[in-house]
1. Once you list every other residue whose beta carbon is under 12 Å from the beta carbon of Leu157, what net charge do they have if Lys and Arg are +1 and Asp and Glu are -1?
2. By per-residue mean of other Cβ atoms within 10 Å, what is the highest-first order of 41-53, 154-166?
3. Give me a comma-separated list of calculated 3J(HN,Hα) values for the range 37-46, in order, Karplus coefficients 6.51, -1.76, 1.60 applied at θ = phi - 60°, integers in Hz, x for any Gly or Pro.
4. Relative to the longest principal axis of the C-alpha atoms of the chain, give the angle of the C-alpha long axis of helix 111-120, reported between 0 and 90° and rounded to the nearest 10°.
5. What's the angle, to the nearest 10 degrees (0 to 90), between helix 136-154's Cα axis and the longest principal axis of the chain?
6. Can you work out the accessible area per residue across the chain, with the rest of the protein chains kept in place, probe 1.4 Å, in square angstrom?
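The values are calculated or read from the model by the stated rules, or taken from the named source; none is laboratory data. What you are looking at is a predicted structure, and each value in this text was computed from that prediction instead of being measured. All Cβ positions, even for glycine, are placed from backbone atoms using ideal geometry, and neighbour counts span all protein chains on display. These accessible areas exclude ligands, DNA and RNA; they are computed on the full protein's heavy atoms, side chains included. Shrake-Rupley method; radii C 1.70, N 1.55, O 1.52, S 1.80 Å.
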Amino acid sequence: MKENRSHRQGLALVGLRGTGKSSVGRILADRLGRPFADADVELEAASGRSIPSIFAELGEPCFRDWEERMLGELTTRPELILATGGGVVLRESNRKRLREFGFVVWLTADPALLTDRLLANPRGLAHRPALTSAGTIAELADVLQARAPLYREVADLVIETGGRTTRQVVDAILDEWDDRGGQSS
Ligand code: S3P
């Protein structure tokens, strides 16, 4: 069933890998009757390469340039529900763009839980480039610590996803968004 909401601004999901941005975004878009895009999927389609191959063959700076360009394009689409890649907040220009785009939700969870989720997911760790030389849990913990201030900077709403189903996360976002009249702060 589609839900009618009058707010016309976009909604972006940010957070580390494994926090459920894509699953939550798809359900949100369905509930709102709005378009959905996953920035990583769009980038892979536009470049004709997988993200691990971009990292391995062209390097992370190249990936970040393409990611920035893709974010610029996606944030021009009205009413879009957007799942972003976990590192999109690294660039100040992206953080600015996200804030201008609309309501930004930071999905977070304990790194150990994120590792379990990624290992249980077929598109899990094997399909994602390592971001540091540390092991999985240590890597996610380090990356979360480094990025937390950046996620916090852009977020209108922070949702702890641990102990919540995807649908409960969606409901929590919709409740908060409605309470705020669909406005970002
Ligand atoms: C990245 C997260 C990935 C993808 C790329 C880099 C990161 O997206 O954009 O591998 O820097 O955290 P997900 O968060 O969807 O895994």
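1. The answer is -4.
2. On the way: 41-53: 14.7, 154-166: 16.5.
Those peptides, ordered most packed to least, come out 154-166, 41-53.
3. Using θ = phi - 60°, the values come out as 9, 9, 4, 5, 5, 5, 5, 5, 5, 5 Hz.
4. Its long axis makes an angle of about 80 degrees.
5. Long axis of 136-154 versus the principal axis of the chain: about 40 degrees.
6. Result: 48 Å² per residue.
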